[in-house]
Amino acid sequence: MGRRFITRAGRRTGAIVFFTVLCLLFPDHSFAWGRNGQRLVVNKAIDTLEALPPEFRGFFESSRALLAQHVTDPLDAIAKSPTERRNHFILLDKYGRFPFEALPRSYKAAVTKFGKPKLDANGLLPWQIGVYSEKLTEAMKAGKWDEARLDAAILANYVAEAHDPFNTTDNFDGRLSAQPEVNERFGTALIDRYSSFFPMRPNDAVFVSDPTDRAFEACLSSHSWLETILLADRNARRGESSFNDEYYDRFYNQAAAILIRQLSDAATDVGSFWFTAWKNAGSPQLPH
């Protein structure tokens, strides 16, 4: 009985140590796009399919409720598995200066150059988008339409994350610039407060020749807006002792154009990635 107790205790200790290591390896990265933001993007993404074949557009239109329901599944998965966090960000500033040409876009080349532990710690977001693009293609090619709908929802989540500037930086929560939780204020609070007024106008979906490369371009574009957002936050806070309504009105007035652009571009890319997966699958007949 003593041995059994020691063995069980040892297992518990081992599990705690393992979980602690995971948490250190994948820091508690908060995600700016909240659930409302994700659902807004996936709904607008369906609207980008208007110029595409009716059967393709109809498949996603009829799946609108399911897509909106499951687009937040990866956020729920983070609570169950700390390793899921690494799929939601890429700390580009860990790889030198913009445009971060030291980082190969080929995953194999990046592993060879930097090693898997460093890539895992700094995030895998653009490569995860490439993986799920292939996964959606394979599900469509095999005619597994229920699986395809879920893959499309999860892919939409990752693509939206690539358009969140704070998912591309080591200053993801404002801690390095003494602006704690600026990411939440920008990508969750502003959306929750003002999204009903957003004049979102995403472009029509188009075919993407290389999904992983396109994901990197989205991350680079997102990263380029960081300093402007941080400055808007500082200006909005000036003279305010708390994050009150006046602060948020000021922050929105200064950052809304970037926020709406990023969400609109995210919707365009989501629709484009869906269309690309279908074309790469051979444009199979879609269920009614």
Practice problem: Report the local net charge at Leu52: Lys and Arg +1, Asp and Glu -1, summed over other residues whose C-beta lies under 14 Å from its C-beta. | Solution: -3
Quiz item: Which net charge results when you count Lys and Arg as +1 and Asp and Glu as -1 among the other residues whose beta-carbon is under 9 Å from that of Lys135?
Solution: -4
Exercise. Would you mind calculating the gained length between Lys108 and Glu138 on full extension (0.36 nm times residue separation, minus the Cα-Cα distance), in nm to one decimal?
Key: 8.7 nm
Exercise. Could you sort out which of Lys44/Lys108; Lys113/Lys135; Lys44/Lys135; Lys44/Lys80; Lys108/Lys279; Lys108/Lys141 sit more than 31 Å apart by Cα distance in this structure?
Key: Lys44/Lys108
Quiz item: Cβ under 15 Å from Ala218's Cβ, Ala218 left aside: what net charge do those residues give with Lys, Arg +1 and Asp, Glu -1?
Solution: -4
Quiz item: In whole Å, how far is the Cα centre of region 163-180 from that of region 197-243?
Solution: 12
Self-check item: Stokes-Einstein diffusion coefficient of region 142-286, Kirkwood radius over Cα pairs, 20 °C, 1.002 mPa s, in µm²/s
Solution: 129
Quiz item: Looking at the chain from every direction and averaging, what is the projected area of its Cα convex hull in nm²?
Solution: 18.7
Quiz item: Starting at 0 and stepping by 5 Å, how many percent of the alpha carbon pairs of region 122-175 end up in each bin?
Solution: 4, 20, 24, 18, 13, 9, 6, 3, 1, 0
Quiz item: Taking springs between alpha-carbon atoms closer than 10 angstrom, which of Ala178, Ala152, Ala205 fluctuates most in the Gaussian network model of the chain?
Solution: Ala178
Quiz prompt | Relative contact order (%) - criterion: Cα under 8 Å, at least six apart; region: the chain | solution = 28
Quiz item: Using just the C-alpha positions of region 50-156 as equal point scatterers, what log10 of I(q)/I(0) does the Debye formula give at each q in 0.15, 0.22 1/Å?
Solution: -0.77, -1.15
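A short reminder: the numbers here are calculations on the coordinates, not readings from a lab. Just so we're clear, the structure is a prediction, and the values are computed from it rather than from any experiment. Every residue, glycine as well, gets a Cβ built from its backbone with ideal geometry; the counts of neighbours run over all protein chains shown.
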